[in-house]
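> I have a structure I would like to understand better, so I am pasting it below and will then ask my questions one at a time.
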Amino acid sequence: MIGRLWSGESGWWRALLPLSWLYGAITASIRLAYRLGIKKSWKAPIPIVVVGNLTAGGNGKTPVVIWLVEQLRQHGRVPAVVSRGYGGDASQYPLLLNTQTSPQQAGDEPVLIYQRTGVPVAVAPKRSEAIQSLLRTHKDIDIVITDDGLQHYALQRDVEIVVIDGERRFGNGWWLPAGPMRERASRLRKVDAVITNGGVAQAGELAMQLMPGKLVNLVTGQSVPLAQFTDKPSVALAGIGHPPRFFSTLRANGIQPVAEYAFQDHHAYTSEELAVLASGEQQLLMTEKDAVKCQPFAQHNWWYLPVEAQLSQSDTQALLTKILALLPTTQ
């Protein structure tokens, strides 16, 4: 329903326009307050790179954060990641993640980033507190990437990267709740880079594709090529911002699930609700973001599919050159 509303397919979005105007007025006043110095923003002692988006829903932001972490490490840098920790409920903030931190505490995306990269990750509603906590405990960190936070103007940033869903773009172009926009598309003129996930990148945008890896078993850790599942009966689930992307990826690789279950983004799964989805010889296939929440009660027929962000060599070099210029040269 929300997808049809925000895309403009359903005309009911017009009924929500008064709320959208209010949302736009509030967000504009917040930006203005920081620009005029009425509200004070915090400046970190090391470079801050924000990876965010203009729209609600999944755009591929977290894979970009992981990709950027890996690229910076290959260049000898020591990155860390901070996040608001949406969906988590820690007993106190800031929270520094470790191997025992659960998605219920930190949120699913920070746990995913921590498990995939191994770099220091901290969450807090105030990103400045998360950054200061990281700097106290990891003296060698030389750059911080914020997972989301484009609209968190309380934190000064050196580089802003916006990730766009190349298929859905900006829908009907209106602010929440009539449309998907957190800020209007004109905001793109002020950011340092625009990465377009799938679809067709427009002039000045960096084209990105999410490339699937091997399916990984949640219990054993065994990884197998997607091709081994083309003849196996399977069921697919996705609790991400845009579940159809995951289902399309499976079908594009020859896997035809007998059923597809779309859950809300950041959905808190229970063993009871998932145990009934796949029966007999059926395999339950999910995203890596779902898997970090399902690991504690996983069954042997449950598998997840990791994805990797892929950009051209020239686009990668152009973006990294801009970021590395902020850092002192390594010895």
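> Starting from residues that are modelled with pLDDT under 95 and among the acidic types (Asp, Glu), keep the ones in the range 229-281 and report whichever is nearest to GLY213 (Cα to Cα).
ASP231
> Pairs, please: C-beta under 7 Å, at least 6 apart or cross-chain, first residue open to solvent by 80 Å² or more (accessible area, probe 1.4 Å) and in the range 196-210, second of a type in the set (S, T, N, Q)?
The qualifying pairs are GLN209/GLN310.
> Further question on the same structure: Pick from VAL78, VAL51: which is open to solvent by less than 40 Å² (accessible area, probe 1.4 Å) and modelled with pLDDT of 90 or more?
Numbers: VAL78 fails: open to solvent by less than 40 Å² (accessible area, probe 1.4 Å).
None of the other options fit; the residue is VAL51.
> Mind listing just one residue for me: the one in the range 21-65 that is under 24 Å from the mean Cα position of the chain (by Cα), hydroxyl-bearing (Ser, Thr, Tyr) and in a helix (DSSP H, G or I) and, of those, nearest to VAL163 (Cα to Cα)?
THR62
> Tell me which of these MET286 doesn't satisfy, since it passes every other one: (1) in contact with a Cys (Cβ under 8 Å, 6 or more places away or on another chain); (2) open to solvent by 50 Å² or more (accessible area, probe 1.4 Å).
Of everything listed in (1) in contact with a Cys (Cβ under 8 Å, 6 or more places away or on another chain); (2) open to solvent by 50 Å² or more (accessible area, probe 1.4 Å), MET286 misses just condition (2).
> Would you mention how many residues in the range 146-193 are over 23 Å from LYS126 (Cα atoms), in contact with a strand residue (DSSP E or B) (Cβ under 9 Å, 6 or more places away or on another chain) and among the hydrophobic types (A, V, I, L, M, F, W, C)?
6
> Does the range 99-129 hold any residues that are closer than 24 Å to PRO45 by Cβ, out of contact with any Leu (no Cβ under 8 Å at 6 or more places or on another chain) and not charged (D, E, K, R), and which are they?
Within the range 99-129, ILE113, THR117, GLY118, VAL119, PRO125 qualify.
> Could you list, in sequence order, all residues of the range 122-153 that are under 14 Å from the mean Cα position of the chain (by Cα) and either part of a helix (DSSP H, G or I) or under 13 Å from PRO79 (Cα atoms) (or both)?
Once the filter is applied, which keeps residues that are under 14 Å from the mean Cα position of the chain (by Cα) and either part of a helix (DSSP H, G or I) or under 13 Å from PRO79 (Cα atoms) (or both), the range 122-153 yields ILE145, THR146, ASP147.
The values are calculated or read from the model by the stated rules, or taken from the named source; none is laboratory data. Just so it is clear, the model here is predicted, and its values are computed rather than measured. Glycine gets a Cβ as well: all are built from the backbone with ideal geometry, and neighbour counts include every protein chain shown. Protein only, heavy atoms only, side chains kept; ligands, DNA and RNA dropped before computing areas. Shrake-Rupley method; radii C 1.70, N 1.55, O 1.52, S 1.80 Å.
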